[in-house]
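Have a look at the structure below before the remarks.
The values are calculated or read from the model by the stated rules, or taken from the named source; none is laboratory data. Given the structure is predicted, the values throughout are model-derived calculations rather than measurements. Neighbour counts run over all protein chains shown; Cβ positions are idealised from the backbone, glycine included. Side chains are part of the model used for accessible areas, which takes the heavy atoms of the whole protein and leaves out ligands, DNA and RNA. Shrake-Rupley method; radii C 1.70, N 1.55, O 1.52, S 1.80 Å.
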Amino acid sequence: MWCHFLILLAVVSTAGTTCHQKREPVGQRGSIFADLTADEMHAVRDFLMSKPQLRLSSTRRETLKKNSIFLMELHVPKKGDALKTLDRGRTKPKREARVVVQFGHQVLPNITEYIVGPLPKPTYYKRKTFKGKSPKFESRPISQMEYRHIISKLQEITKMVYRILVETSGFSFHNCTDRCLTFSDIAPRGLESGERRTWIMLQKFVEGYFIHPIGFELLLNHKSLDPTEWEVEKVWYNDQYFDSVEELVDKYEKGEVTKMRLPDHDDDDLYSTYIPRGERSTWANVQGPKLVQPQGPRYRVEGNFVEYAGWSFTFRVRSSAGLQLFDLRFNGERVAYEISLQEAVAFYSGSTPAAMQTKYIDAGWGMGTEDYELASGIDCPDIATFVDLYHYYDTDGPVRYKNALCIFEMTTGVPLRRHFNSNFKGGYNFYGGLENNVLVIRTTSTVYNYDYIWDFLFYQNGVVEVKVSATGYIHATFFTPEGLSHGARVYSYVLGNLHTHLVNYKVDLDIAGRDNSFETIELKYENFTNPWSPRHSIVQSRLHRTQRTTEREAAFPFGKHLPRYLHFYNPTKKNRWGHHKGYRIQFNSHADTVLPQGWKEEVGITWSRYPLAVTRQKDGEMTSSTIYTQNDPWEPVVSFEDYIRDNENIDKMDLVAWVTVGFLHIPHSEDIPNTSTPGNSVGFFLRPFNFFDEDPSVASRDTVIVRPHKDSFSKVDTDRWTPELAGYCMSSKPFHYNGTYMEV
């Protein structure tokens, strides 16, 4: 079948294309930031397991009273050491791993982090210190073994309420066959530091079970490392509270409980399924548009190093938080040292206990490890380069996540630049246009019900776009009349709960060097006598610049005015026209705060107070959050507010911008079955602001210029620098998706 083609790219493991171009190897700039290999993970594990003083054992041991490795990932070298290698060719810093160990088999259980090296053959491990408080043992993320014990406890509990569950929903948790219940566990796990009490919500275990609550929730105290000591502290059934399971059963049998029965379940009319339904006029027997690469990819991927249209950068995917880019350069000149995802939160409201308690802080769920296989042709174009990722998280060995990251070039469908120059006589002098092709690096995080699509886009004019798109299932609870103040009814007994998404990024800018300054630019009106007509006045705008010299001056709280131009520049480097070389941050977001400042859980996410805060770069201020914040936001290990509390000078310094974007989501009927991405994408742009002497995309050979022929308007002279027509390079492989992720 003929189809229109778009000149695009891919490399390394390009999915099923039949056209390839051989590339020369590049340097090893990315290797110091490369994620741990499977062999390195094995080496670190074996080294630590060999130390008798640690008394480490398998994560698969049934007991919670054990010492085990929970997380292992690259320990990124200090910036100064990395730059000595990148810029001066010095010896690479020692390659090391960061390892999180849960010590549960001792009188006072604790969490300890170690730095292990040098890799690939470790000989030492040393305790990693925390700048603030050390994490409490109760703040640890939940392990698969703890979940196994929770399920066992729920089997025991639900056996007591078997009749209630079946009469209510037609489903059961205990002794079920095809009509089974599952559960969602809510976080944070308690109301103050040191607790481990979780609200658990039962749902029908069907496709899309997230939006099938049955109106039964319970509060389980599982702080003890002995599951036999776990207790149910509260039960919520059909908008009624009970102090114990026994109380509910007793009152239910006596008729003292307002009972309910959900509509009969129909597997053939499942509102949460992806199976098409309804009428649609689109031809079902015709394929939609596809991206192709007529002459193969125009970018290069060597390990974790990428080059494209003047851009170069390296990437890694941090198990705890996700995608990080390092050493971003345009035409060899560094623009940023690091741009990385730090944290994502979704804070909910509702009338059920589960809803009012839900405040998800996703690094605590191993957000970086939730990057499952991407579907070719859907999640990424068929022509994308797919990359496997390896994570060591709550496991006894590295786990391979196949095709979990993709890189591709695409056309946006909108010109990067164009102009039609009319002669105002029914003709034209010339037409000029440049196709807007961009490089995309993408991964996803499926954190329980929500799917986040993380994108970094690189434009030919020196612009970087950072974007997150939210999709997946809404977090839904059982409908009560009071719930309409906190969301919308999306099914007869289901409430879609309102919530706010916030995402925090770290942007370590190095504009023409490390010593940068920051200013904001606004407009002010000026009123003066018209010089060519003195009896009139002129009112117009003029630039008003404000130099931000301290961290407090460069922290902009939500609710207060955020200047439109946020300009980072090098005060000692100028372009050809005498302007300081700079970049600016431009927002695409409608975020706001999720809690009042200082209110309980808000203390753990103080970065969420600011759409933008600028600090001095410090190796001790690497991240704005940790994996421990979810289960102890009240006394966080990292408090972002501490970064700006000392109010240091930021003029002519190495600067880091902490950027927060997000949106409010009030669920609606169109969120069934799934939330869709249009309108749910937010982010920011890094845009050159006098960094270059002119638009660097003038170097692009994608430009097309059309002029009328000098002798005849019926003929045209066309200038183009890429082939006008090239052979097709379509995928020859059928759609394939596996979706498994296995220990190796």
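Among the residues of the range 408-452, the ones that are within 19 Å of GLY462 (Cα to Cα) and acidic (Asp, Glu) come to 2 in all. When we screen ASP642, ASP592 for residues that are closer than 22 Å to THR549 by Cα, open to solvent by 50 Å² or more (accessible area, probe 1.4 Å) and at pLDDT 95 or above, the only hit is ASP642.
Under the condition of being of a type in the set (Ser, Thr, Tyr) and in contact with a helix residue (DSSP H, G or I) (Cβ under 8 Å, 6 or more places away or on another chain), the residues counted in the range 350-393 number 5. Got a number for residues in the range 429-472 being hydroxyl-bearing (Ser, Thr, Tyr) and over 16 Å from the mean Cα position of the chain (by Cα)? Here the count works out to 2. Considering only residues of the range 250-268 that are free of Cβ contacts under 8 Å to residues at least 40 places away in the same chain and open to solvent by less than 100 Å² (accessible area, probe 1.4 Å), which is farthest from SER669 (Cα to Cα)? Of everything passing the filter in the range 250-268, ASP250 is farthest from SER669 (Cα to Cα). Of the listed requirements (1) without any contact (Cβ under 8 Å) to a residue 24 or more places away in the chain; (2) surrounded by 20 or more Cβ atoms within 10 Å (Cβ to Cβ), HIS561 misses just one: (2).
Among the residues examined, TRP283 does not qualify as open to solvent by less than 30 Å² (accessible area, probe 1.4 Å) and either among the aromatic types (Phe, Trp, Tyr) or more than 27 Å from TYR450 (Cβ to Cβ) (or both).
In this structure, THR572 qualifies as touching a residue at least 12 places away in the same chain (Cβ under 8 Å), open to solvent by 50 Å² or more (accessible area, probe 1.4 Å) and not hydrophobic (A, V, I, L, M, F, W, C). A count restricted to the range 367-401 and to residues that are under 14 Å from ARG316 (Cβ atoms), in contact with a Lys or Arg (Cβ under 8 Å, 6 or more places away or on another chain) and of a type in the set (A, V, I, L, M, F, W, C) stands at 1. Contact map, the range 121-138: first residue open to solvent by 60 Å² or more (accessible area, probe 1.4 Å), second residue among the acidic types (Asp, Glu) and part of a loop (DSSP other than H, G, I, E, B), Cβ cut-off under 7 Å, separation 6 or more or different chains; pairs are LYS133/GLU635; LYS136/ASP632. Taking (1) open to solvent by 10 Å² or more (accessible area, probe 1.4 Å); (2) of a type outside the set (Phe, Trp, Tyr); (3) closer than 30 Å to THR477 by Cβ in turn, GLY377 satisfies each apart from (3). Of all the listed residues (ASN403, ASN437, ASN421), the sole one being touching a residue at least 12 places away in the same chain (Cβ under 8 Å), touching a Phe, Trp or Tyr at 6+ places or on another chain (Cβ under 6 Å), closer than 28 Å to GLY310 by Cβ and of a type outside the set (A, V, I, L, M) is ASN403. Across the range 148-199, the number of residues qualifying as assigned to a strand (DSSP E or B), touching a residue at least 60 places away in the same chain (Cβ under 8 Å) and either polar (S, T, N, Q) or surrounded by fewer than 20 Cβ atoms within 10 Å (Cβ to Cβ) (or both) comes to 1. It is to be established whether one or more residues within the range 367-385 are among the hydroxyl-bearing types (Ser, Thr, Tyr) and in contact with a Cys (Cβ under 9 Å, 6 or more places away or on another chain). Yes: one or more hits.
Any residue at all in the range 386-393 that's among the aliphatic types (A, V, I, L, M), surrounded by 21 or more Cβ atoms within 10 Å (Cβ to Cβ) and in contact with an Asp or Glu (Cβ under 9 Å, 6 or more places away or on another chain)? Yes, some residue in the range 386-393 is among the aliphatic types (A, V, I, L, M), surrounded by 21 or more Cβ atoms within 10 Å (Cβ to Cβ) and in contact with an Asp or Glu (Cβ under 9 Å, 6 or more places away or on another chain).
Filtered by the rule that a residue be surrounded by 17 or more Cβ atoms within 10 Å (Cβ to Cβ) and either among the acidic types (Asp, Glu) or assigned to a strand (DSSP E or B) (or both), the range 235-245 gives VAL235, TRP236, TYR237, PHE242. In the range 82-100, the residues that are farther than 30 Å from THR112 by Cα form Cβ pairs under 7 Å with partners that are among the acidic types (Asp, Glu) and in a strand (DSSP E or B), at six or more places apart or across chains, as follows: LEU86/ASP327. When the range 174-196 is filtered for residues that are under 17 Å from ILE211 (Cα atoms), of a type outside the set (Ser, Thr, Tyr) and modelled with pLDDT of 95 or more, the ones remaining, listed by number, are CYS180, LEU181, PHE183, ASP185, ILE186.
Can you report the number of residues in the range 532-558 which are free of Cβ contacts under 8 Å to residues at least 40 places away in the same chain, of a type in the set (Ser, Thr, Tyr) and surrounded by 10 or more Cβ atoms within 10 Å (Cβ to Cβ)? Number of matching residues: 3. For VAL292, the test of being open to solvent by less than 80 Å² (accessible area, probe 1.4 Å), in contact (Cβ under 8 Å) with a residue 40 or more places away in the chain, among the β-branched types (Val, Ile, Thr) and in a loop (DSSP other than H, G, I, E, B) is passed.
A residue that is surrounded by fewer than 20 Cβ atoms within 10 Å (Cβ to Cβ) and free of Cβ contacts under 8 Å to residues at least 60 places away in the same chain occurs somewhere in the range 464-486.
With respect to the conditions (1) open to solvent by less than 10 Å² (accessible area, probe 1.4 Å); (2) under 30 Å from ILE672 (Cβ atoms); (3) out of contact with any Gly (no Cβ under 8 Å at 6 or more places or on another chain), THR520 falls short on a single one, namely (2).
Scanning the range 200-230 for residues that are under 24 Å from ASN175 (Cα atoms), touching a residue at least 60 places away in the same chain (Cβ under 8 Å) and part of a loop (DSSP other than H, G, I, E, B) returns VAL206, GLU207, GLY208, HIS212, HIS222, TRP230. Among the residues making up the range 624-666, those that are under 26 Å from TRP454 (Cβ atoms), touching a strand residue (DSSP E or B) at 6+ places or on another chain (Cβ under 6 Å) and in a loop (DSSP other than H, G, I, E, B) are SER624, SER625, THR629, GLN630. Within the range 674-722, the residues that satisfy the criterion of being open to solvent by 30 Å² or more (accessible area, probe 1.4 Å), part of a loop (DSSP other than H, G, I, E, B) and either touching a helix residue (DSSP H, G or I) at 6+ places or on another chain (Cβ under 7 Å) or within 30 Å of ASP592 (Cα to Cα) (or both) are SER676, THR677, PRO678, GLY679, PHE689.
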